[in-house]
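What follows is a single structure, written as structure tokens, with notes after it.
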Amino acid sequence: MTGFQYADEQLSERELMIALPSFMIGVEALSMPREVASATTGLDGVFSVIAAGVVVAGLTWWTAKFVSKFPRESFLTYASRIVTKPIACILSLFFIFLFVAIAAYQVRSLADIGKIYLFDQTPIEVASLSFLLIIVYAVGGSRAGIMRINMLFIPFIIIFAFVVFFFNINWFEVKHVTPLFQTDINGYIKGLGRSIFFGGFIILWFYIAYVENPKDTPKMVTKGILIPLVLFTILYVGCIAAYSNVVTSNLIYPTIELAKMIEIPGGILERFDSIFFVIWIMAIFNTAAMAYDLAVLGIQMLLKRKGKKTIVLSIAPVVFFIAMLPRNLLEVSTFGEVTGYVSFYYSIAVLLLFVIIAKFRGVKGNG
Amino acid sequence: MARRLLSCSFLVLTMIFLSGCWDENPIENFGFVIGSALDLGEDHSSETPSVTLTNQFAVPSGFTVPSQGGGGNQQAYKNLSVTGNSVFHMNRDMSKETSLTPIYDHLKLIVVSSELAQQEKMFSSVVDFFLRDHEMRRGIRIVVSESSAKSIFDIVPKYEKTPALYVNSIMKNNTKTIEVIPSVRTAKLHRDLLNKSSFVIPIVKVKGEEIKSEGGAIFNGPNNKMVGKLNAFETKGYNLIKGKINGGVINFQVDDQLMVYEIEDTSSKVKINPENPDQVKIDIKIEISGSVGEMFGHKTLINEDYQKEIKQKIEESIEELIMNVVSKAQQEWKVDIFGFDQKLKSSHSGKWRGMEGDWNAGKQLFTKSVINVSSQVTLEHIGSTDRTKDRGVK
């Protein structure tokens, strides 16, 4: 059987700009308000979220700036020039491992949330496997396909985040938002740490290589960060204003509960949350598919093999196995946290390492 | 060829396995719970008192308009009671008794009997299920019934399909008048329970064939039990402090004649000065605008002095209403039901941290606070006529 071949494997800058928010908006958006709220008081967490957005935007710009100095070069190529080949291989291996972990986490969380809210009889294994198979199908095709799905889904995700916010306005109360500025500095920092929402810029290490002329890329991807920043901010404000800080920090998935609270007058649509789930599963799918795709891309790069389908199919069991490792909800969320932090700090570490060594050894890009 | 056959048969086989649905559950097997009533059970042998859960299930065929000559009026609901120690458990038992699995996605109303609410720490335990379960929405209305909660579900409503929906629409429609306590929904209840603040839940009563919302049940936050009741008079004072009313009347006397003031809009401003925690100063300022709705006297109203007198009388009666409920809250129930604690927390959070545990409980600082009321009334208009009777008649 031969699959349908798209015309090219190139990414446009606009596609990369959309890929970044698509990768960032995943499962974390559903539980993020709880984690931030529990570290802060009142609405103060929103400053942490915005600060985290600014930090991530800065790092994104820096990473993009650095990588775009090596246009059309794969990670392995430019990394080898900077830190010699063996080290580059080890670095890529760890990247691959991270992407596999991210994909596994998204798959597992989706199955868990689905089991709580949508299908309580279906075993987690079955739900995960079906979701994973769809991801395998998407990744097995062309990369352009995944990017087009990103483009297609992101407007819906944005629209529904706004709908969730605005349809809850009648629940908002001023006394939920106050007292402002009562969090101590430690709380802000904790909140900032918890709202880092995945080091999404990690995807830039690999995807910029596919951009034809990455001159404007740093600017474009930094603009892309605006989408998750605005989205996370309104979801956070919505949760706090509708529920108050103390309730938000006690709800397991505040964003889902926020969607469940919507009452459309007239009873035409009593269960808005079902539509919200449909939309958010699309967001989770994008994140998982891209993480999977990046893992495949990394392996392809290391093995220098063109047989993409073999790689796609052979890492599927690994992803599934890792996804099934956590035994309960608590372990799943720890798994997610660890993956998030590690990918964030690893990406920063690699960036610093490359910038310093490139300067030291005088490695110059050709872009 | 053999390969083609193999792949074909594989596809057919997949089709068999993929077409199933684990959670397939025909809608006829679901019992849609629209109301839950919680009563104290009769069994007092164990340490935690037993609870009786009565669920009102919707019967979908009763909601449709009967076709001509059809079986007549079918009841649109069905009540089912189970007694046990945990709500979740009773829920399980309920599906054993009927062929239906209760699902709570469309639950509209929770009724708790005052008898159950007065038990120590029972209230938060029984509502836990309604806050925890994933099927629950956060806009469920909650009321306290004066008699048994079950009796609320037993009346035959005239204007609505089921008793639960009847109570729900009563609660929904009178939210902003001075006479009734605004309805409480689970999202707000959850907040108050977590904050350990005291709150008021509307009381419903059965009156013949009708249900009436009258007064409120006062819950002590730290103890989490019902400690008293607001009567109709106190309810007015409570609502005035809470503000945001746009309907209702205030009766007062001018020259021994009854006069009715119709409220159109109110706003209340609460200023708290916690300089001295043992004597917190609370100033309540209320502004009301409204009109004269009815008068028994015959004096002309188009007279500045007389209007001034009327305004003063209204102000007096408003202040009386408020002071009455405030002093009762301080002396009898000893709980802050007006949300002063939230106000303190948001505008004096530094001080609040020191007195948090002593406001409703401990040293009971609320009962020692000094509360002042002032009001300002504006008379917007006097109706479409000045007088309706001549002074000759008496």
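The values are calculated or read from the model by the stated rules, or taken from the named source; none is laboratory data. All of these numbers come straight from a predicted model, not from anything done at the bench. For neighbour counting, all protein chains shown are included, and Cβ atoms are generated from backbone atoms with ideal geometry for every residue, glycine included.
Per the listing A:ALA101, A:ALA138, the residue uniquely assigned to a helix (DSSP H, G or I) and either in contact with a Ser or Thr (Cβ under 9 Å, 6 or more places away or on another chain) or within 14 Å of chain B (Cβ to nearest Cβ) (or both) is A:ALA101. Applying the condition of being in contact with a helix residue (DSSP H, G or I) (Cβ under 6 Å, 6 or more places away or on another chain) and either polar (S, T, N, Q) or within 11 Å of another protein chain (Cβ to nearest Cβ) (or both) to the range A:240-249 and asking which residue is surrounded by the fewest Cβ atoms within 10 Å (Cβ to Cβ) yields A:VAL246. A Cβ distance below 7 Å, combined with a sequence gap of six or more or placement on separate chains, defines the contacts here; from the range B:106-117, residues that are under 15 Å from B:SER147 (Cα atoms) reach residues that are among the polar types (S, T, N, Q) in the pairs B:ILE110/B:SER36; B:VAL111/B:SER145; B:SER113/B:SER145; B:SER113/B:SER148; B:SER114/B:SER145. Contact map, the range A:117-129: first residue at the interface with chain B (Cβ under 7 Å from one of its Cβ atoms), second residue outside any helix (DSSP H, G or I) and hydrophobic (A, V, I, L, M, F, W, C), Cβ cut-off under 7 Å, separation 6 or more or different chains; pairs are A:PHE119/B:TRP22; A:GLN121/B:TRP22; A:THR122/B:TRP22; A:VAL126/B:TRP22. What do you reckon, is B:VAL325 within 24 Å of B:LYS225 (Cα to Cα), modelled with pLDDT of 80 or more and part of a loop (DSSP other than H, G, I, E, B)? Taking the combined requirement at face value, the residue does not satisfy it. Looking across B:LYS368, B:LYS334, one residue alone is in contact with a Ser or Thr (Cβ under 7 Å, 6 or more places away or on another chain) and touching a residue at least 12 places away in the same chain (Cβ under 8 Å). It is B:LYS334.
Scanning the range A:296-353 for residues that are among the charged types (D, E, K, R) and not in a helix (DSSP H, G or I) returns A:LYS304, A:ARG305, A:LYS306, A:ARG327. Where the second residue is surrounded by fewer than 23 Cβ atoms within 10 Å (Cβ to Cβ) and among the aromatic types (Phe, Trp, Tyr) and the first is part of a strand (DSSP E or B) and lies in the range B:131-150, which pairs have Cβ atoms under 9 Å and are six or more apart or on separate chains? Taking only residues 6 or more apart or on different chains, the pairs are B:ILE142/B:PHE130.
Residue-wise test of (1) part of a helix (DSSP H, G or I); (2) in contact with an Asp or Glu (Cβ under 8 Å, 6 or more places away or on another chain); (3) surrounded by 14 or more Cβ atoms within 10 Å (Cβ to Cβ).
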residue	(1), (2), (3)
B:GLN312	yes, no, no
B:ASP336	no, no, yes
B:ARG353	yes, no, no
B:GLY357	yes, no, no
B:PHE366	yes, yes, yes
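Restricting the range B:93-124 to residues that are assigned to a helix (DSSP H, G or I) and under 21 Å from B:GLY216 (Cβ atoms), the residue that is farthest from the other protein chains (Cβ to nearest Cβ) is B:GLU115. Filtering the range A:17-39 to residues that are touching a Gly at 6+ places or on another chain (Cβ under 8 Å) and within 13 Å of chain B (Cβ to nearest Cβ) leaves only A:ALA37. Any idea which residue in the range B:176-194 is modelled with the highest pLDDT, counting only those that are within 20 Å of B:LYS212 (Cβ to Cβ) and of a type in the set (Val, Ile, Thr)? Per the criteria, the residue is B:VAL184. Filtering A:ILE264, A:ILE275 for residues that are more than 18 Å from the chain's Cα centre (by Cα), in a helix (DSSP H, G or I), within 15 Å of A:PHE160 (Cβ to Cβ) and not aromatic (Phe, Trp, Tyr) leaves a single hit, A:ILE275. Each residue in the range A:74-94 was checked for being touching a residue at least 24 places away in the same chain (Cβ under 8 Å), under 13 Å from A:ALA358 (Cβ atoms) and either outside any helix (DSSP H, G or I) or in contact with a Leu (Cβ under 9 Å, 6 or more places away or on another chain) (or both), and 3 pass.
As a summary of the residue check, B:GLU160 satisfies the conditions (1) more than 14 Å from chain A (Cβ to nearest Cβ); (2) acidic (Asp, Glu); (3) more than 25 Å from B:ILE284 (Cα to Cα) except for the one numbered (1).
Cβ-Cβ contacts under 7 Å between residues 6 or more apart (or on different chains), taken from a first residue in the range A:244-261 that is on the phi > 0 side of the Ramachandran plot to a second residue that is in a helix (DSSP H, G or I), are listed as A:SER244/A:HIS176; A:SER244/B:ARG191.
Exactly one residue among B:SER289, B:SER268 is within 27 Å of the chain's Cα centre (by Cα), buried (at least 19 other Cβ atoms within 10 Å of the Cβ) and closer than 19 Å to B:VAL249 by Cα, and that residue is B:SER268.
Annotation note: of A:LYS215, A:LYS223, the sole residue that is surrounded by fewer than 22 Cβ atoms within 10 Å (Cβ to Cβ), outside any helix (DSSP H, G or I) and of a type in the set (D, E, K, R) is A:LYS215. Looking at the structure I just gave you, is B:SER61 modelled with pLDDT under 85, surrounded by fewer than 15 Cβ atoms within 10 Å (Cβ to Cβ) and not in a helix (DSSP H, G or I)? It is false that B:SER61 is modelled with pLDDT under 85, surrounded by fewer than 15 Cβ atoms within 10 Å (Cβ to Cβ) and not in a helix (DSSP H, G or I).
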